[in-house]
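Novice: Here it is, the structure in full.
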Amino acid sequence: MSKKVYVLLAEGFELIEAMTPVDVLRRGGAEVITVSITNNKEVTSAQKVTLKSDILISEKDITDGDMLILPGGYPGYINLGESQEVGKILKYYAENDKFVGAICGAPTVLAKNSVFLGKEVTCHSSVVEEMKGYTCNGKKAFSDGNLVTGMGAGLSLDFAFALAEKLLDTETILKIKKGMELS
């Protein structure tokens with residue numbers, strides 16, 4: 001049975017931080033659903049690229065997923081952090097031992113919602129000060145239990161494969177890497 005993953009898109013999201021995990025996980029057979037946290041399926045990235053999300057956050061209960069992914073990007077991660085709906089869903093995933101991925105500035109959304117406190121994380125250097133209650137390690141991508149974090153846009157592939165390691169078997173990951181000329 002394929003794993004279900006939701007990628008939350010807020011206005012100003014970082015394009016490659018959102019789309020790289022979508023690409024890698026779909027290659028591995030996961031059901032990856034992009035979710036606009038606005039009332040419009042069209043969401044514009046920080047790079048002014050407009051994507052059409054699969055669903056609106058208001059259309060469906062997305063607590064049935066195996067993983068929730070929070071891309072960074074400015075002001076995308078700010079918009080994620082200010083959403084009460086995102087906070088509720090994030091808390092549900094954290095409290096029910098589901099996987100959560102957050103990259104770049106998005107780990108601050110964890111801090112704003114007091115989830116995964118005490119975990120070791122990585123994040124963009126510009127938001128380290130906001131990560132009180134966490135240990136920031138400066139690694140490219142890092143997993144601590146059910147939480148996967150990534151440092152920033154240039155490391156989106158490292159982040160995507162760290163997410164894949166939580167959901168896919170080694171053979172599938174190796175096939176994806178071979179198909180992408182990574183091995």
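Novice: Do we have residue 5 as of a type in the set (A, V, I, L, M) and in contact with a Phe, Trp or Tyr (Cβ under 6 Å, 6 or more places away or on another chain) here?
Specialist: So residue 5 fails the test.
Novice: Enumerate the pairs (first residue in the range 153-165 and under 14 Å from residue 102 (Cβ atoms) and crowded, with 21+ Cβ neighbours inside 10 Å; second residue anywhere and modelled with pLDDT of 95 or more and of a type in the set (A, V, I, L, M)) with beta-carbon separation below 6 Å, excluding pairs fewer than 6 apart on the same chain, so at least 6 apart or on different chains.
Specialist: Cβ pairs passing all conditions: 156/16; 159/103; 159/141; 160/24; 162/141; 162/148; 163/148.
Novice: Tally time: how many residues in the range 141-183 are in contact with a strand residue (DSSP E or B) (Cβ under 6 Å, 6 or more places away or on another chain) and acidic (Asp, Glu)?
Specialist: Total meeting the criteria: 2.
Novice: Filter the range 167-183 down to the residues that are buried (at least 16 other Cβ atoms within 10 Å of the Cβ) and either β-branched (Val, Ile, Thr) or under 19 Å from residue 137 (Cβ atoms) (or both) and list them by number.
Specialist: Within the range 167-183, 173, 176 qualify.
Novice: Take residue 138 and tell me if it is open to solvent by 10 Å² or more (accessible area, probe 1.4 Å) and out of contact with any Gly (no Cβ under 6 Å at 6 or more places or on another chain).
Specialist: In short, yes.
Novice: State yes or no: is residue 90 touching a strand residue (DSSP E or B) at 6+ places or on another chain (Cβ under 8 Å), under 28 Å from residue 59 (Cα atoms) and in contact (Cβ under 8 Å) with a residue 40 or more places away in the chain?
Specialist: No, not satisfied.
Novice: Tell me which residues, restricted to the range 99-116, are open to solvent by less than 40 Å² (accessible area, probe 1.4 Å) and not hydrophobic (A, V, I, L, M, F, W, C). Break it down stepwise before answering.
Specialist: Step one: of the range 99-116, the residues open to solvent by less than 40 Å² (accessible area, probe 1.4 Å) are 100-111, 113, 115-116.
Selection gives 101, 105, 107, 108, 113.
Novice: For the range 144-166, what are the residues that are outside any helix (DSSP H, G or I) and under 18 Å from residue 7 (Cα atoms)?
Specialist: Result: 146, 147, 148, 149, 150, 151, 152.
Novice: Another question, if that's okay. Return yes or no: is residue 158 farther than 20 Å from residue 90 by Cβ and among the acidic types (Asp, Glu)?
Specialist: Spelling it out, residue 158 is indeed farther than 20 Å from residue 90 by Cβ and among the acidic types (Asp, Glu).
Novice: Would you check which residues across the range 117-134 are open to solvent by 80 Å² or more (accessible area, probe 1.4 Å) and out of contact with any helix residue (DSSP H, G or I) (no Cβ under 6 Å at 6 or more places or on another chain) and list them?
Specialist: Passing the criteria: 117, 125, 126, 129, 132.
The values are calculated or read from the model by the stated rules, or taken from the named source; none is laboratory data. Owing to the predicted nature of the structure, the values given are computational and were not obtained by experimental measurement. Methodologically, a virtual Cβ is constructed for each residue, glycine included, from the backbone with ideal geometry; neighbour enumeration extends over all protein chains shown. Keep in mind that these areas ignore ligands, DNA and RNA; they rest on the heavy atoms of the full protein, side chains included. Shrake-Rupley method; radii C 1.70, N 1.55, O 1.52, S 1.80 Å.
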